């Protein structure tokens, strides 16, 4: 659906889902299963060897989760998405894919408190240093860059300060140093802001806020 100019309202309801062929169910089914049936031993082997696309175990993939991922990617205008157990898990996964011991990250100083703790305390235990800067000053991001900087992290709107990030300007700073810009887009949601359009490379969300809408869902 992302290849068609559907409005955000349509994408939010239908993206990533093909109606169930067996039942014709319009709403997305919840596949509450840990494992899946294979056609044969050879079919199982091809799935486990990643030679054939399909579901093996819900920790790896699940049709319900896949629909969520495709829907989020469509709403953000991205190529793909990966769902996680929480917003903090998404941030950790995104950053730890990029960073390793001895690396440096430049981050906005107006981040969600849990994100600040992750950067200042948890990542520091792995030898990853973080410089916190004024989220409203692209110049501050530029001044904090080092030779070992591997990522820039900020929120489109700070939580809870609502500090507004100049995404395009900060993206230019990051890209001029050859590093990705990772944006937390939880507060505005993809309905109001698409950071990828302004130069962000990776976008993360906490589903507990506006993405889910009513504080009932972690992800």
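The residue that is nearest to residue 80 (Cα to Cα), counting only those in segment 1-15 that are in a loop (DSSP other than H, G, I, E, B) and modelled with pLDDT under 75, is 2.
When each of 67, 12 is tested for being surrounded by 16 or more Cβ atoms within 10 Å (Cβ to Cβ), touching a residue at least 60 places away in the same chain (Cβ under 8 Å) and outside the structural domain of residue 192 (by TED's automatic domain parsing), the lone residue that passes is 12.
Please determine whether any residue of segment 113-121 is surrounded by fewer than 13 Cβ atoms within 10 Å (Cβ to Cβ) and modelled with pLDDT of 95 or more. Checked segment 113-121: at least one residue is surrounded by fewer than 13 Cβ atoms within 10 Å (Cβ to Cβ) and modelled with pLDDT of 95 or more.
If the condition is being closer than 12 Å to residue 8 by Cβ and in contact (Cβ under 8 Å) with a residue 40 or more places away in the chain, then segment 190-201 contributes 190, 191, 194.
Rundown of residues vs (1) more than 23 Å from residue 11 (Cα to Cα); (2) under 18 Å from the mean Cα position of the chain (by Cα); (3) not in a strand (DSSP E or B), yes/no style:
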| residue | (1), (2), (3) |
| --- | --- |
| 153 | yes, yes, no |
| 179 | yes, yes, yes |
| 203 | no, yes, no |
| 208 | no, yes, yes |
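The condition of being surrounded by fewer than 20 Cβ atoms within 10 Å (Cβ to Cβ), in the same structural domain as residue 123 (by TED's automatic domain parsing) and under 22 Å from residue 83 (Cα atoms) holds for only one of 201, 166, that being 201. Each residue in segment 85-115 was checked for being part of a loop (DSSP other than H, G, I, E, B) and touching a strand residue (DSSP E or B) at 6+ places or on another chain (Cβ under 9 Å), and 8 of them qualify. Regarding residue 119, is this residue part of a helix (DSSP H, G or I), free of Cβ contacts under 8 Å to residues at least 60 places away in the same chain, touching a strand residue (DSSP E or B) at 6+ places or on another chain (Cβ under 6 Å) and in the same structural domain as residue 203 (by TED's automatic domain parsing)? Yes; evaluated as a whole, the condition is true for this residue. Could you please let me know if residue 24 is at pLDDT below 95, outside any helix (DSSP H, G or I) and surrounded by 15 or more Cβ atoms within 10 Å (Cβ to Cβ)? Taking the combined requirement at face value, the residue does not satisfy it. Does residue 182 satisfy being over 22 Å from residue 72 (Cβ atoms) and either in the same structural domain as residue 109 (by TED's automatic domain parsing) or crowded, with 21+ Cβ neighbours inside 10 Å (or both)? The answer is no for residue 182.
The values are calculated or read from the model by the stated rules, or taken from the named source; none is laboratory data. Since the structure is predicted, the reported quantities are computational estimates derived from the model, not experimental observations. Neighbour counts are summed over all protein chains in view; Cβ atoms, including those assigned to glycine, are modelled from backbone coordinates with ideal geometry.
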